[in-house]
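K.L.:
Here you go, one structure.
The values are calculated or read from the model by the stated rules, or taken from the named source; none is laboratory data. All figures in this text were calculated on a predicted structure; none of them were measured in a lab. Methodologically, a virtual Cβ is constructed for each residue, glycine included, from the backbone with ideal geometry; neighbour enumeration extends over all protein chains shown.
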Amino acid sequence: MVLIDSSCWVHYFRSRGDARVRDRVSSLLRKDEGVWCAMVRLELWNGVGSESDRTVLREHEIWLPELAITDAVWDEACLIASQCRKIGKTAPANDVLIAACARHYEVALEYTDAHFDFLMTLPR
């Protein structure tokens, strides 16, 4: 399984998105390897502008597996946030939660945001 971050979904849903990113997401979905979590879904809903975009997002909600944001995921997010603070790095709280979800479920994370490079390599 691969948790697909909203930074990739944006390219996937837009016709002018980066073709390489769209292809990676499409490949994951074709292989039934792509998943999301509630935070990614919320980020996408926050950016939806048209009714056709809403329809597409609703359709994905029907069949796309979702990793639950459990208390253990929140604990992992707090640990990551603390580690970031100690080393002087910052990342948006929503992305800390997404990284925590991927780490907790021990799945890969597909992303284009550079701060995930350090979030996903912090010690556990």
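K.L.:
Grab the helices (runs of 4 or more DSSP H) fully contained in the stretch 46-124, keeping just those with 1 or more residues being closer than 20 Å to Arg22 by Cβ and either touching a residue at least 12 places away in the same chain (Cβ under 8 Å) or in contact with a Phe, Trp or Tyr (Cβ under 7 Å, 6 or more places away or on another chain) (or both).
P.N.:
Details: elements: 51-63, 71-87, 93-105, 116-119.
In the stretch 46-124, the matching helices (runs of 4 or more DSSP H) lie at 51-63, 93-105, 116-119.
K.L.:
Can I ask one more? Go through the stretch 30-51 residue by residue and tally those that are within 30 Å of Asp71 (Cβ to Cβ) and surrounded by fewer than 17 Cβ atoms within 10 Å (Cβ to Cβ). Walk me through it before giving the result.
P.N.:
Taking the stretch 30-51 as the starting set, the residues that turn out to be within 30 Å of Asp71 (Cβ to Cβ) are 32-48.
The next check asks that each one be surrounded by fewer than 17 Cβ atoms within 10 Å (Cβ to Cβ); those that pass are 32-33, 38, 42, 45-48.
Total satisfying the criteria: 8.
K.L.:
Something else about it: Looking only at the stretch 62-94, count how many residues are over 17 Å from Arg124 (Cα atoms), at pLDDT 95 or above and surrounded by 13 or more Cβ atoms within 10 Å (Cβ to Cβ).
P.N.:
Looking only at that region, the number is 5.
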